[in-house]
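Accompanying notes for the structure given below.
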Amino acid sequence: MAAGELPPKPHTILRGPGGQLRHEHCLTRQGFDGPFTILYREAAPHVHRTVALSEHGFAPAGIAPGHLAAPLVRRHYRSTELPAEGAAPIDARVPLLANADVVVGVLRPGASDPVYFENGDGDDLYYIHEGGGLLRTLMGDVPFGPKDYLLVPRGLTHRFILDEGQPQHWLCLELLGDFHVPRQFRNESGQLRMDAPYTHRDFRRPDFRGPLDEGIRTIVSKRDSVFTAYTVDTSPLDAVGWDGTVWPFAFPILAFQPKTSSVHLPPTIHGTFATRGGLICSFVPRLVDTHPDAIPCPYPHQSVHCDEAIFYCDGHFTSRRGVGPGSISYHPMGTMHGPHPGAYEASIGQRETTELAVMLDTFTPLRPTPFAPPIEQPDYHATFIP
């Protein structure tokens, strides 16, 4: 993707109308071996007037006291019980589950970001459960609303401008091991295959607008969960053009194309996006199995290599009772999990499901943070007893 003013080749001269030299800004991944984007800036982007620890930022993802000695049980967290405070997104994120690859958090922001943010620890993949607004970035603006995934690449200068008067409730997956589209969805040239569960047209790309000065001169950067504030002399949104494969986007979850078979297929068919050690899945309203004797409800399974966390969004959840929009179920590897009593047989004869949910499977155990126990349903594991 390309936008704005670009020289004929990278690393060559680009001057403005007055003859001033533009500054390259290379946003690279995996050192210099992975995808990259090159931006062209009016001012040198690495000049900071002041540097100090920031008053902005969200809590680190520590481990809840006593968890490592706790029994291995299925858990249910009610994210709707987290307070809906007036904090900006940069301050409002609450981590609930974490490992070395991903941090699962929820935020219920109430104000637009007063500063720009650059997350040096990971890509941020949001799911907008409620609310909406504008993601303002160096590469342009991305509007977003309910039922959208929203990706902010690692290190990208951005802030959120919230729609006024709307309650906001977002899921956030901080992907410490980088975001990518599953390889099986791409052909040899990198294009999405015709049998992939979505197309290039489903992604809303940034609307590039050129340099913009909002009067904000502070950039907050996060690295190793430390937030540092840099003061700059000119607007950080001074890009005159860019090209590359690293850019923010919005993707409506309902654009995901579900698969149906004669009998129940494993959850990998719902795979949407991937990260190191994890797969992000989308459960969307769909037709279910066509075999006359099919059991559409997920079968009990013992996934000995994967933790499973599900954020419930909307509709009727065939295999669960007692969960609702904003619930997060967590079923750890090493223990059996499956449908609630009665759901397995009750699903026979169903021809469609209305459930809407986001699931994360990880190969490294997730640990609850200190913010998780206060919103946990204490008897959830026992609810599977008939």
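The values are calculated or read from the model by the stated rules, or taken from the named source; none is laboratory data. Keep in mind that what you see is a predicted model, and the values were worked out from it rather than measured. Every residue, glycine among them, receives a Cβ derived from its backbone with ideal geometry; neighbour counts consider all protein chains shown.
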Q: Give the residue that is farthest from V181 (Cα to Cα), with candidates limited to residues of the stretch 1-33 that are in contact (Cβ under 8 Å) with a residue 40 or more places away in the chain and small (G, A, S).
A: G16
Q) Which one of the conditions (1) surrounded by fewer than 17 Cβ atoms within 10 Å (Cβ to Cβ); (2) in contact with a Cys (Cβ under 9 Å, 6 or more places away or on another chain) does K147 fail to meet, given that it meets all the rest? A) (1)
**Q.** Residue satisfying all of: in the stretch 7-46; among the basic types (K, R) and surrounded by 10 or more Cβ atoms within 10 Å (Cβ to Cβ); nearest to P153 (Cα to Cα) among these
**A.** R29
**Q.** Count - residues of the stretch 209-234 that are outside any strand (DSSP E or B) and either of a type in the set (A, V, I, L, M) or crowded, with 17+ Cβ neighbours inside 10 Å (or both)
**A.** 4
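Let's see how each residue does on (1) in a loop (DSSP other than H, G, I, E, B); (2) more than 30 Å from R15 (Cβ to Cβ); (3) under 24 Å from the mean Cα position of the chain (by Cα):
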{"residue": "Q257", "(1), (2), (3)": "yes, yes, yes"}
{"residue": "T260", "(1), (2), (3)": "yes, yes, no"}
{"residue": "T268", "(1), (2), (3)": "no, yes, yes"}
{"residue": "T272", "(1), (2), (3)": "no, yes, yes"}
{"residue": "H291", "(1), (2), (3)": "yes, yes, no"}
{"residue": "G322", "(1), (2), (3)": "yes, yes, no"}
Q: Could you tell me whether any residue of the stretch 237-251 is touching an Asp or Glu at 6+ places or on another chain (Cβ under 6 Å) and of a type in the set (A, V, I, L, M)?
A: yes
Q. Looking at the stretch 188-197, is at least one residue out of contact with any Lys or Arg (no Cβ under 8 Å at 6 or more places or on another chain), part of a loop (DSSP other than H, G, I, E, B), in contact (Cβ under 8 Å) with a residue 12 or more places away in the chain and surrounded by fewer than 16 Cβ atoms within 10 Å (Cβ to Cβ)?
A. no
Q | Those residues of the stretch 278-309 which are buried (at least 18 other Cβ atoms within 10 Å of the Cβ) and over 23 Å from L173 (Cα atoms), in sequence order | A | V288, D289, A294, I295, P296, C297, P298
Q. For the subset of the stretch 299-320 comprising residues that are part of a loop (DSSP other than H, G, I, E, B) and either touching a residue at least 60 places away in the same chain (Cβ under 8 Å) or hydrophobic (A, V, I, L, M, F, W, C) (or both), which member is nearest to L96 (Cα to Cα)?
A. C306
Q. Do you know which residues across the stretch 109-137 are surrounded by 18 or more Cβ atoms within 10 Å (Cβ to Cβ), in contact with a Phe, Trp or Tyr (Cβ under 8 Å, 6 or more places away or on another chain) and under 28 Å from V232 (Cβ atoms)?
A. P109, D113, D123, L125, Y126, G133, L135, R136
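Residues of the stretch 199-208 being surrounded by 14 or more Cβ atoms within 10 Å (Cβ to Cβ) and assigned to a strand (DSSP E or B), which ones?
Across the stretch 199-208, the qualifying residue is only R204.
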Q: Select from the stretch 124-151 the residues that are touching a residue at least 60 places away in the same chain (Cβ under 8 Å) and hydroxyl-bearing (S, T, Y) and list them in ascending order.
A: Y127, T137, Y149
Q) From the list D178, D148, which residue is of a type outside the set (G, A, S), at pLDDT below 95 and under 14 Å from the mean Cα position of the chain (by Cα)? A) D178
